[in-house]
Structure formats: structure tokens, C-alpha cells
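Chemist: Got a structure here, written out as C-alpha cells. Questions coming.
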Amino acid sequence: MKGQYKIFEELLIFSIGIGVASMIMLVFNNLSGDIEHSSMENQLKDVNNLISSGIVNTYESGINTTTVMKIPKTIGNKPYVIEINNGNLITYIYGNKKINYTRPIYSINIYDAKLMSSSWYIEINRDNNGIHLKRWGA
């Protein structure tokens, strides 16, 4: 009878060890995901700020002005989308709109557009009617 208790005790200790190791792995996986999510949001914000600065500079330079800007191809090894919608500049991870950054563009007539980051370069063009955003060379 004493031998069975010893086996049960060893199995119980082993099971507790497996449980603790599993919990530690889950915590670190969740932490890693949160850090990656936060990093992508910060990078989206940086790209958004870069593009909005280009829009303002092009607008202030006058009519018939074109600015070409190089943008990162990916954020966190994932492509992203640049979208102008109702006067808002929105950047988000392609296929996951939950990871995004939105900035309103005030007092500038800007046309709705949607670009993929894979273009590497974007063209910001001002004409008599407002600002147009498109892939460079398109």
C-alpha cells in the first residue's frame, strides 16, 4: 500500500509542475502578443504622422504641387493600408482593422483614397480642387 502512495505523490508533483509550466508559457505568450500589438500601433502612428505631414506640406506649397514620399513596406512584417475616408487619415494592418491609428485632416479638401503599403512610394498631389493621394507612378 505504501508504494502506491509514493507513485500517486510523484504523479501529483509532476502534474503540478506541468500546470505551473503551462501557466508561465501562457503568461509570456500573452505578454508577447500585447507588446507586438503596442509596437504595431506605435509604428502605424509614426507612418500616419509622416503622411499627414506630407499632406500639410503639399497643401501649403500651393496649387499644382506634387510630393513623393517613401513609406515602409511592412509594419511588424505585415502589410498595412493607408486610407483617406471623410477627411480622416487611417492606417491599419491589412486584414486586422483592430490595429489602427486615425487622424483627422482639418480644413484641407482631400479626396477619399485607399492604398496598400506594398507600393513603397506614395504621391501626394494638390490641384485646384484639393489633395489627391495615390501610388507613385500610378
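The values are calculated or read from the model by the stated rules, or taken from the named source; none is laboratory data. Bear in mind the structure is a predicted one, so any value in this text is a computation, not a measurement. In this analysis, Cβ positions are derived from the backbone assuming ideal geometry, glycine residues included, and neighbour counts consider all displayed protein chains.
Chemist: Does any residue of segment 59-66 turn out to be within 13 Å of H132 (Cα to Cα) and in contact with a helix residue (DSSP H, G or I) (Cβ under 6 Å, 6 or more places away or on another chain)?
Modeler: So far as segment 59-66 goes, yes, one or more of its residues are within 13 Å of H132 (Cα to Cα) and in contact with a helix residue (DSSP H, G or I) (Cβ under 6 Å, 6 or more places away or on another chain).
Chemist: Now, a different point. Would you confirm whether or not segment 60-68 contains a residue that is of a type in the set (A, V, I, L, M), on the phi < 0 side of the Ramachandran plot and modelled with pLDDT under 90?
Modeler: Within segment 60-68, one or more residues are of a type in the set (A, V, I, L, M), on the phi < 0 side of the Ramachandran plot and modelled with pLDDT under 90.
Chemist: Between a residue in segment 41-70 that is over 21 Å from N109 (Cβ atoms) and any residue that is exposed (fewer than 13 other Cβ atoms within 10 Å of the Cβ), which pairs come within a Cβ distance under 6 Å, given they are 6 or more apart or on different chains?
Modeler: Cβ pairs passing all conditions: K70/Y121.
Chemist: Considering only residues that are of a type in the set (S, T, N, Q) and at negative phi, which ones fall in segment 93-138?
Modeler: Those that are of a type in the set (S, T, N, Q) and at negative phi: N96, N100, T102, N109, S117, S118, S119, N125, N128, N129.
Chemist: I'm trying to understand the selection: among the residues of segment 1-34, which are polar (S, T, N, Q), more than 30 Å from I99 (Cβ to Cβ) and surrounded by 10 or more Cβ atoms within 10 Å (Cβ to Cβ)? Break it down into steps so the answer makes sense when it comes.
Modeler: Of the residues in segment 1-34, the ones polar (S, T, N, Q) are 4, 15, 22, 29-30, 32.
Restricting the remaining residues to those that are more than 30 Å from I99 (Cβ to Cβ) gives 4, 15.
Of everything in segment 1-34, just one residue is polar (S, T, N, Q), more than 30 Å from I99 (Cβ to Cβ) and surrounded by 10 or more Cβ atoms within 10 Å (Cβ to Cβ), namely S15.
Chemist: Let me ask you something else. I93 is checked against (1) farther than 18 Å from W136 by Cβ; (2) exposed (fewer than 13 other Cβ atoms within 10 Å of the Cβ); (3) not hydroxyl-bearing (S, T, Y) and fails just one. What number does that condition carry?
Modeler: It is condition (2) that I93 fails.
Chemist: Next question, about the same structure. For segment 91-138, which residues satisfy the criterion of being in a strand (DSSP E or B), in contact (Cβ under 8 Å) with a residue 60 or more places away in the chain, within 23 Å of K45 (Cβ to Cβ) and not hydroxyl-bearing (S, T, Y)?
Modeler: Once the filter is applied, which keeps residues that are in a strand (DSSP E or B), in contact (Cβ under 8 Å) with a residue 60 or more places away in the chain, within 23 Å of K45 (Cβ to Cβ) and not hydroxyl-bearing (S, T, Y), segment 91-138 yields I99, I122, I124, I131, L133.
Chemist: So I63 clears everything in (1) in a loop (DSSP other than H, G, I, E, B); (2) surrounded by 15 or more Cβ atoms within 10 Å (Cβ to Cβ); (3) aliphatic (A, V, I, L, M) except one condition, right? Which one?
Modeler: So the condition that I63 fails would be (2).
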